[in-house]
1. Quick one: what pairs do we get from the range 169-182, first residue touching a residue at least 40 places away in the same chain (Cβ under 8 Å) and in a helix (DSSP H, G or I), second surrounded by 14 or more Cβ atoms within 10 Å (Cβ to Cβ) and basic (Lys, Arg), C-beta under 7 Å, 6+ apart or different chains?
2. Give just the number: which of (1) open to solvent by less than 40 Å² (accessible area, probe 1.4 Å); (2) in contact with a strand residue (DSSP E or B) (Cβ under 7 Å, 6 or more places away or on another chain) does GLY7 not satisfy?
3. May I ask you to verify whether GLY139 is surrounded by fewer than 20 Cβ atoms within 10 Å (Cβ to Cβ), outside any helix (DSSP H, G or I), touching a His at 6+ places or on another chain (Cβ under 8 Å) and not aromatic (Phe, Trp, Tyr)?
4. What is the number of the single condition among (1) in contact with a Gly (Cβ under 8 Å, 6 or more places away or on another chain); (2) at pLDDT below 75; (3) surrounded by 15 or more Cβ atoms within 10 Å (Cβ to Cβ); (4) not charged (D, E, K, R) that ASN212 does not meet?
5. Of everything in the range 151-191 that's of a type in the set (S, T, N, Q) and open to solvent by less than 90 Å² (accessible area, probe 1.4 Å), which residue is modelled with the lowest pLDDT?
6. Across the range 28-59, which residue is modelled with the highest pLDDT among those that are over 17 Å from PHE130 (Cβ atoms) and among the aliphatic types (A, V, I, L, M)?
7. For the range 85-98, name all the residues that are over 15 Å from GLY139 (Cα atoms) and either of a type outside the set (Gly, Ala, Ser) or in contact with a Phe, Trp or Tyr (Cβ under 8 Å, 6 or more places away or on another chain) (or both).
8. For the range 105-150, give me each residue that is polar (S, T, N, Q) and at pLDDT 80 or above.
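The values are calculated or read from the model by the stated rules, or taken from the named source; none is laboratory data. None of the values given here were measured: they were computed from a predicted structure. Heads up, the Cβs are rebuilt from the backbone with ideal geometry, glycines too, and the neighbour counts pull from every protein chain shown. Accessible surface areas use protein heavy atoms only, side chains included; no ligands, DNA or RNA. Shrake-Rupley method; radii C 1.70, N 1.55, O 1.52, S 1.80 Å.
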Amino acid sequence: MRVTFAGKLVLAMSGLIVVSLALVGLYLEQREHLALANQLVARLEAQASLLADEITVSTVSDAWAQRAASRTRARVTVIARSGKVLADSDESSRQIENHASRPEVLAALAEGRGEASRFSHTIQRDLVYFAYLVRRPAGEPVILRLSAPISELSAGFSRFRQDFLGIALVSLVATAAIAVFWARRIAAQLRQMGGFAREVSRGLAAPRLPANSRDEFGELAQALNAMAVDLRTTLQR
């Protein structure tokens with residue numbers, strides 16, 4: 001199957017656009033994931049700051065954590081400085097292992113706040129964690145930790161992918177149309193020059209090629225016209 005110059009040019013430009021859009025899409029998807037994750041962390045931080053005022057020695061219990069979770073739509077956990085879980089909304093705090101080594105807990109103890117993303121073996125899901133150090137008037141400080149599943153970001157990702165695919169499809173169609181237009185124009189100029197060269201090689205008086213453009217095609221047309229004049233002069237001599 002013979003592929004014309006115009007077809008090769010259109011295929012090359014379309015392939016370049018597809019690769020470029022794919023790279024841009026991957027970059028934007030990473031940025032979108034980071035932005036959505038930051039939004040989720042900001043929501044958990046705002047909710048933690050509100051719940052921190054409710055934490056006292058008498059209210060820290062699994063029942064309180066469950067009520068807080070129903071309001072925040074997040075898993076609520078209260079952790080002592082030693083890492084012992086004092087209250088949890090999803091599991092019995094007595095059955096949960098020590099959390100002293102959790103990265104968000106270590107960060108909260110050191111800096112007052114911490115965040116992390118990882119797979120939770122307790123509920124078998126990927127979660128985003130935010131930990132907040134609560135300093136109580138009476139008693140030692142505790143860590144209030146809120147977590148939400150990363151699946152909450154899936155809705156935002158779906159909208160982003162749909163919008164990007166729509167824009168990419170329109171861009172690809174528009175680029176292909178422009179490529180077809182220019183490829184046909186260039187192919188027509190090349191065919192005209194090829195016909196001119198064949199006529200000159202046969203000794204026929206071919207009409208001069210238009211050399212109005214200031215690009216390489218204009219220079220080539222001028223060179224072919226000059227070659228034809230020189231050839232006719234030589235033949236006359």
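1. none
2. GLY7 satisfies all of (1) open to solvent by less than 40 Å² (accessible area, probe 1.4 Å); (2) in contact with a strand residue (DSSP E or B) (Cβ under 7 Å, 6 or more places away or on another chain) except (2).
3. The answer is no for GLY139.
4. ASN212 satisfies every listed condition except (3).
5. Here the answer is SER154.
6. In this case the residue turns out to be LEU28.
7. VAL85, ALA87, ASP88, ASP90, GLU91, ARG94, GLN95, ILE96, GLU97, ASN98
8. Listed by number, the residues that qualify are SER117, SER147.
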